[in-house]
Amino acid sequence: MEKILITWTSSWIWKFLAEKFSAKYKIFWISRRKISECWEKFFGVEKNFFEIKWDLKKNSEIEKKILKLKKNFSDGQEDFYFDKIILNAWIWYFENFETMQNEEIFEILQVNLLANIFLVKFFLDEKLIKKWWKIIFIGSKASKKFWKNWAVYIASKFWLRGFAGWLQKDLWRKIWIHLINTKVVKTNFHKNSKTEIQWKFAETQIEKIFGACEEIFDEKEVGFEVDL
């Protein structure tokens, strides 16, 4: 059975993706919380789920966590690798840029951008890739907009779009790179907001995100960038 790595799986959207893909793939998921805190009420004990408890704010844990995973799931006969990866971890503090704390700015850039860069670099360094490996970055339509109070979030997604585009151009002979840009997904993502959000933005349904990922995995969608 092929293996999918999904980051930030304890959150609303990615929990949905993992549930849908679990019928066909082994799911390896990265989250700050344990499976008992966010999965049992949905799945009970699920043999196709493997947790990697890891706070993506901490770059120092990348090597330790992945090498431990490689050791635990390699039997000495077969190399360990992920067939497909969905990189979508992100956080957002919705507030005026002038009132943001430096710690908040750092957390947004670390989780939304730098964690993805360091993860991909480590996978390449450790040769944890297979020919025509598929990576999906979950971006945002915000990377193409200039909305009020979105400054740092937009910056993180703008840079992520640039990084994914570079990978697609430079590594296309090795791996397939895709970027899915969503509109606002109306969930509890705005719980850290410090200003009131007026729901005037167009929305993307969670089911459409899953459908786009599925089409990419099934090679029905071959384009680099998918706008939902």
- Note on the structure: One computes Rg over Rh for the stretch 93-167 from alpha-carbon atoms, with the Kirkwood Rh, and obtains 1.05
- Fewest-first sequence of 103, 225 by Cβ atoms within 10 Å of each Cβ: 103, 225
- Task: Sort 93, 81 so the one with the fewest other Cβ atoms within 10 Å of its own Cβ comes first.
- Result: 81, 93
- Task: Mark the label point 7 Å from the Cα of residue 99 along Cα→Cβ and return the residues of the stretch 132-173 whose backbone N is within less than 19 Å of it.
- Result: 147-154
- Task: Name the long-range amide H neighbours of residue 226: under 5 Å, sequence gap of 5 or more, or other chain; modelled H, no Pro or chain starts.
- Result: 179, 180, 181
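Laboratory data are not the source of any read-out in this text; all were calculated from the coordinates shown. This is a predicted model, so every value here is computed, not measured. Quick reminder, even Gly has a Cβ in these numbers, built from the backbone with ideal geometry, and neighbours come from all protein chains shown.
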